[in-house]
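Peer 1: If you scroll down you'll find the structure; I have some questions about it.
Please treat every number below as a calculation from the coordinates, not as lab data. This one's a predicted model, so the numbers in the text were calculated from it and none came from an experiment. Positions of Cβ are backbone-derived with ideal geometry, glycine not excepted, and every protein chain shown enters the neighbour counts.
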């Protein structure tokens, strides 16, 4: 049981860390989220599915903020979760090739 709790805590910390690295423009306040979903703020905060992570959220400055992309997915499908790897890179950027990364590492460490 302790191992499961430790795993959940670590996964939650990783999610929070990834969310906090996102630009602030990618988040909605609780009021904006409630308005987008057509519900009240109280209903938003009491909704079991949302509280259990069906919309990605974090806190900034002590206030709960919701990831805009996740809110839009929740509105369309009832589930705002998506692969977190999509947060790690901007879809407009081309991923760096492995070869370039390896070359740059070797150049830095050459005498």
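Peer 1: Out of the residues in region 24-60 that are outside any helix (DSSP H, G or I) and within 11 Å of the chain's Cα centre (by Cα), state the one that is surrounded by the fewest Cβ atoms within 10 Å (Cβ to Cβ).
Peer 2: Within region 24-60, the match that is surrounded by the fewest Cβ atoms within 10 Å (Cβ to Cβ) is 58.
Peer 1: Quick one: residue 3 ticks every box in (1) in a helix (DSSP H, G or I); (2) touching a helix residue (DSSP H, G or I) at 6+ places or on another chain (Cβ under 8 Å) bar one, so which box is it?
Peer 2: The number of the failed condition is (2).
Peer 1: Inspect region 66-75 for any residue being loosely packed, with under 13 Cβ neighbours inside 10 Å and either more than 17 Å from residue 14 (Cα to Cα) or within 16 Å of the chain's Cα centre (by Cα) (or both) and give the result as yes or no. Steps first, please.
Peer 2: To start, the set of residues in region 66-75 that are loosely packed, with under 13 Cβ neighbours inside 10 Å comprises none.
The answer is no; no qualifying residue exists.
Peer 1: Please state which one of 16, 9 is more than 18 Å from residue 79 (Cβ to Cβ) and in contact with a strand residue (DSSP E or B) (Cβ under 8 Å, 6 or more places away or on another chain).
Peer 2: 16
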